[in-house]
1. Averaged over peptide A:168-175, how many Cβ atoms belonging to another chain are found within 10 Å of each residue's Cβ?
2. Accessible area of B:Asp75, 1.4 Å probe, to the nearest 10 Å²?
3. Enumerate the calculated ³J(HN,Hα) couplings along segment A:138-146 in order (Karplus 6.51 cos²θ - 1.76 cosθ + 1.60, θ = phi - 60°), each rounded to whole Hz, writing x wherever the residue is Gly or Pro.
4. Over segment C:100-141, average the accessible area per residue using a 1.4 Å probe and give it in Å², no decimals.
5. Mind checking how much accessible area C and A bury in total, 1.4 Å probe, in Å² rounded to 100?
6. How many percent of DSSP beta bridges within the protein assembly as shown run antiparallel, rounded to 5?
7. Take chain A, connect every pair of alpha-carbon atoms lying under 10 Å apart with a spring to form a Gaussian network, then pick out the residue of A:Pro219, A:Pro204, A:Pro52 with the largest mean-square fluctuation.
8. What whole-number distance in Å separates the alpha-carbon centres of segment B:165-212 and segment A:140-211?
Amino acid sequence: MRAYARVTAQAVKRGGGTVLTELRGDSPLLLRRTHDEDGIVTVHLVGGAAGPLGGDELRLDVVVGSGAALRLRSVAASIALPGRAAAPSQFTVTARVASGGSLQWLPEPTVAAARCRHNAYASIDVAEEADLLWRDELICGRYAETPGSLTMSTSVAYAGAPLLRQCLRVGPDADGWAGPAVLGAAKATGSLLQVHPGISAGGPIVLGPTAVRTPLRGPATLTTVVADDAHALRAYLGRR
Amino acid sequence: MRPDSPHEHDDVPHGHPHPSADPHAPLPADARALRIGIGGPVGSGKTALVAALCRALGGELRLAVVTNDIYTTEDADFLKRNGVLPPERIRAVETGCCPHTAIRDDISANLDAIEELEAALGPLDLLLVESGGDNLTATFSKGLIDFQIFVVDVAGGDKVPRKGGPGVTTADLLVVNKTDLAPLVGADLSVMERDARARRGELPTVFLSIAADRQATPVADWVRGLVAAAVR
Amino acid sequence: MDTTLLLLADGRFPAGGHAHSSGLEAAVAAGRVAGLAEVEAFLRGRLTTAGPVAAAFAAAACQGISPAVLDVELDARTPSPAARLASRRQGRALLRAGRATWPSARYDDVPHHPDGCHQPIALGLTAAAAGLTAEQTALVAAYGVLTGPASAAVRLLGLDPYQVQAMLARLATACDEISSDAVAAAAGGPPSDLPSASAPLADIHAETHATWEVRLFAS
């Protein structure tokens, strides 16, 4: 299945606030505006079907204009499942945040189910003086399940310069992924990237035995966590 | 600072290289701080000797210390309390469980630490490089230090000088420490002196009790002589 | 060039590597690594994460891609400041040895940074100065990712060195593949597309290790 969704948030010219000038999607990638949270315009991804399934090609483009603020969530975890075809599933997200704009990407976790072959790509372009909060959470297998192959790739540029480029691979195609150099015995992992102009650089913080928050080269911090389960993971990555 | 120096512009040769230069060929030996390595077995009193030298020389020379020993804040406090050496003048180097690799085969971490100290503190007269506690075979590379002191103690047995090994045999100065313990451990200092002379020929050996001589006077005097000669 | 290749790849090449465990010391302290089996799993994870990044960046630097561009790209792939520092310190040590061993104008491009130049970039420049190819450079990089922590494991855990060598021999094919894939990746596209394989525990290990009062290894 192929699906394309797009949301564009722009600042209201007079009186402030944000308006959604575009909001479109295809099943299974549907977008709904929900109640504003903390006064921030909020859009939920509402999965039209279980998935992504092998063979799916999903793409979401997010545009946040200067002075606009947008929060994206999802109603449920996204469970990557094998399809009838051998083809992998793919979910590509691109986001562009203009100067003075603010984007919060706080979806529910992605779950790598047994035998899945899923690639999640995110490419984010943050202009100078823009804000970003970007959360990625990955659960390796449903209950007592060994995950299939999943790649989670995140590439972020700030003011045109590379800020963060990461690509985590789990499952049978990634030798050593469950070993002590990558995830150890942890079933859940995730990160929270916060980009904020003038963020106090500060030093790295060890938040717990398997959680650290580190300053990047740029006005940003990254919280990196491995955890036993989604709940423990969220305890570190919940929106502050 | 260096009353023996005949040069009026004696600060010049101590300048750090170009601030923008990257790590780099070592400076010519006459244009930088004198580097003295202090090696010896575990527990022989290397850190105590470093503290004593800081006590003796800290007021007259610009000095800093690089230590390769497993180094704790207690060690830093020890030097700070006893040696009047502020923590910014001490760098600890991790040796990956290879104390003598770090001073002999791959000296890069020590050279980096020395350069960082010189960059942070400005020109120095004397750098003491303390090795991690090792055995009698440990020696410093000539690429790292100009002179080396090897510290053994009488409690390690009066046969140590006879055993030799590169540390005892070739060090520029052999220090036999803890002479105050000789009667307690049944060590015969005259045997040690005879063996040391046999092993070392003309190279000097001093007997010392840092417990009694808190400035390690004979060692401090030996170092003073080298510093004076280096700036000449 | 075979002898030159071996010289640069040799663990005895004085490039500061002996003091780095690349997270192994922290993994041991956290109870994740205790014996040979866990060391092998650790090395497999390092090979598939740090391996492609180090090998592709070294190959790219060897081929003349701007070290300054590669420097920013590597920082973006290294979210832990402790890991960035460890990479830069090892790069600085390698350049010190490289400059003395194979003098060359190639080192003039080294990006200035107070902590030094990232290790894979330093390796690429040194390899180029030594006349090695991008393929050889990538192999040295991947081999270093593999053998650095293996050597640390022998010292830290007192493992049987013969068993460790047998394990390294088992990983040789994987190391070859990582390095040849990395050469292809380095030749493929812009520096932004170079491999970015990550490992959450690598960052967590690097940062927790940096807080210890007493460390045997620098990383």
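The values are calculated or read from the model by the stated rules, or taken from the named source; none is laboratory data. Keep in mind the model is a prediction, meaning the values are calculated, not measured. As a convention, Cβ positions derive from the backbone with ideal geometry for all residues, glycine included, and neighbour counts pool all protein chains shown. The protein model used for the area step is the full one, side chains on, heavy atoms only, and it has no ligands, DNA or RNA in it. Shrake-Rupley method; radii C 1.70, N 1.55, O 1.52, S 1.80 Å.
1. What the average comes to for A:168-175 is 4.
2. 40 Å²
3. For segment A:138-146, the Karplus curve yields 10, 10, 8, x, 6, 3, 6, 10, 8 Hz.
4. Each residue of segment C:100-141 exposes 36 Å² on average to a 1.4 Å probe.
5. In total, this chain pair buries about 2600 Å².
6. If I count the DSSP bridges inside the protein assembly as shown, around 35 percent turn out antiparallel.
7. Looking only at A:Pro219, A:Pro204, A:Pro52, the biggest GNM fluctuation is shown by A:Pro204.
8. Between the Cα centres of segment B:165-212 and segment A:140-211 lies a distance of 58 Å.
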